[in-house]
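Student: Here you go, one structure.
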Amino acid sequence: MAGVKVGIIMGSQSDWPTMKGAAEILDELGVAYEARIVSAHRTPDRLWDYGRAAVGRGLQVIIAGAGGAAHLPGMMASKTRVPVIGVPVQTRALSGVDSLYSIVQMPKGYPVATMAIGAAGAANAGLMAAGILALQDAGLAERLDAWRAALSASIPEEPVDE
Ligand code: RP5
């Protein structure tokens, strides 16, 4: 996929319902992306190949989501200098706190920009990726500003009984 600047990767098909939230934001903002299953544990060679090729392929941001022993974002950050945004996927056993801790505590030198657990984190990863690309893309900057203004305008000033 020539020209794609955002890679959304995830450890499992089971992560897609969460990670789709990042894809939907990018769709709304008109940002092209690719989505791939790349597991740190089950497909380590795929992880390595993806990371090795990322710069050469023109990727500018990688959004990486994983749950449990969520090593994918950190391992990807160790393999490429393309900025990695990590999304801790919510898990049944430990509610995603396991994923969060696995992603957020990177050693000095290999950062992962870690989002919130679950759906909010995935959506914010899409927005963060768009914000990074918008630094060099005036059209996208305009669309992102409009998106943010629309969200702000949708918030009522007073609560109502539901
Ligand atoms: C992780 O294990 C994946 O990121 C996923 O969140 C979790 C469970 O994977 P499945 O057993 O559902 O494939 O590697």
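Student: How many nm separate the modelled label positions at A93 and H41, each set 7 Å beyond the Cα in the direction of the Cβ?
Tutor: 0.7
Student: Say the dipole of the range 6-153 comes from +1 at the beta carbon of Lys and Arg and -1 at that of Asp and Glu; which of S39, G121, I85 then lies farthest toward its positive end?
Tutor: So the residue we want is S39.
Student: Per DSSP H run of at least 4 residues, take -39500 (n - 2.57); add these up for the chain, divide by its residues and hand me the 222 nm value, nearest 500 deg cm²/dmol. Each step should come with its number before you reach the end.
Tutor: Details: 6 runs with 71 residues, N = 162.
The helix contribution divided over the chain gives -13500 deg cm²/dmol.
Student: Turning to a different aspect of this structure: List the residue ranges in the chain for DSSP H helices whose C-alpha atoms run 18 angstrom or more along the long axis and whose Kyte-Doolittle average is 0.5 or above.
Tutor: 119-134
Student: Right, here's the next one. Under 21 Å from the Cα of K108, which lysines turn up, not counting those fewer than eight places away in the same chain?
Tutor: Result set, ordered by chain and number: K79.
Student: Using amide H atoms built in the peptide plane, which far-off residues or other-chain residues are under 5 Å from G65 H to H?
Tutor: Result for G65 returns I9, M10, G11, V87.
Student: For the range 87-106, list residues with backbone N below 20 Å from a point placed 7 Å from the Cα of W16 toward its Cβ?
Tutor: Output list for this probe position: 87-92.
Student: Rounded to the nearest Å, what's the spacing between the alpha carbon centres of the range 1-80 and the range 101-117? Just the number, please.
Tutor: Result: 15 Å between the Cα centres.
Student: Same structure again: Hey, with R₀ at 25 Å, roughly what FRET efficiency would A69 and D137 work out to, going by the Cβ-Cβ distance, to 0.05?
Tutor: Computed FRET efficiency for A69 and D137 comes out at 0.10.
Student: Relative contact order of the range 6-153, please, whole-number percent, based on alpha carbon pairs below 8 angstrom and at least 6 residues apart.
Tutor: 25
Student: Let me ask another. Where does the chain land on the Kirkwood hydrodynamic radius, alpha-carbon pairs, in angstrom?
Tutor: Computed over the chain, the radius equals 16.0 Å.
No lab work stands behind these numbers, since they all come straight from the coordinates. Worth saying up front: this structure is predicted, and the values here are computed from it rather than measured. All Cβ positions, glycine included, derive from the backbone under ideal geometry; neighbour counts span all protein chains shown.
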